Amino acid sequence: MQIIYLIGFMGSGKTTVGRALSEAMQEQAVDIDVEIESRLGKKIVDIFQDEGECGFRIHETATLRSLQHIPIISTGGGIVERQENITYMKETGVIVYLKASYELIAKRLSGDSSRPLWQGNQEKRALYQRRITMYAACADVTVDCNKLTLEEQVDFILSQVKV
């Protein structure tokens, strides 16, 4: 079975869709950010503060590579920042891009203080624009999160991915 890698901007629903896919497929799912927090014993925001984004990305890549036995992986929004992550995901699975509009993302992240690249970042829209190009370029499957319910997203993914 190929690993299903869920990619997309923060707030696009990767964790939620991962859980729903896990239930539908009766397979294990892991959220990379949760796994990193568990392994390091600290929150993502603290890792960013202590080690910077570069330090966090090193942990992210190591964690990604350690999860080859997990069938469904919800990645962090910045997983595409390192080409080696994209190459690894392409070689080991199928990349599913959860595409959500900036407006939907902003609504979902309103009041969320757990995302270091969203808080106090005046360049949110520029980060979003840059990353959506990266997501689209590496995706094997694209899911329109603005138009589909959670159940429809899961059904669409299952119809597109060989499980």
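Rounded to two decimals, what is the ratio between the C-alpha radius of gyration of segment 1-83 and 2.2 N^0.38 Å?
That works out to 1.06 for segment 1-83.
For Lys147 and Gln49, the difference between the fully extended length at 0.36 nm per residue and the C-alpha to C-alpha distance is 31.7 nm.
Here the label points at Thr92 and Asp155, each 7 Å from Cα along the C-beta direction, are separated by 3.2 nm in the simple model.
Taking the 1.4 Å solvent-accessible surface of the chain as the whole, the part contributed by carbon and sulfur is 48%. Taken over the chain, the alpha-carbon convex hull comes to 107 cubic angstrom per residue.
Run the helix sum for the chain: -39,500 (n - 2.57) per DSSP H stretch of 4+ residues, divided by residue count, reported at 222 nm to the nearest 500 deg cm²/dmol.
Result for the chain, helices only: -17000 deg cm²/dmol.
The residues neighbouring Ile132, those whose beta-carbon lies less than 15 Å from its own, together hold a net charge of +2 under the Lys/Arg +1, Asp/Glu -1 convention.
Note on the chain: GNM, Cα springs under 10 Å; of Ser101, Ser12, Ser66, the largest mean-square fluctuation is that of Ser66. Please report, to two decimal places, log10 I(q)/I(0) for segment 1-41 at q = 0.17, 0.27, 0.33 Å⁻¹ as given by the Debye formula with identical point scatterers on the Cα atoms and no solvent. For segment 1-41 at q = 0.17, 0.27, 0.33 Å⁻¹, log10 I(q)/I(0) is -0.50, -1.01, -1.15. Past 21 Å, Cα to Cα, is the threshold; run Lys90/Lys147; Lys14/Lys162; Lys43/Lys90; Lys99/Lys147 against it and keep the listed order. Flagged as over cut-off: Lys90/Lys147; Lys43/Lys90.
Longest span of the chain, sites excluded, free of trypsin sites (Lys or Arg not before Pro) in DSSP loop with at most 14 other C-beta atoms within 10 Å?
44-146
The values are calculated or read from the model by the stated rules, or taken from the named source; none is laboratory data. Note that the coordinates shown come from a computational prediction; the quantities given were computed from them, not determined experimentally. Cβ sites come from the backbone with ideal geometry, for glycine too, and all protein chains shown count toward neighbours. In case anyone asks, the SASA skips ligands and DNA or RNA and just uses the protein heavy atoms, side chains included. Shrake-Rupley method; radii C 1.70, N 1.55, O 1.52, S 1.80 Å.
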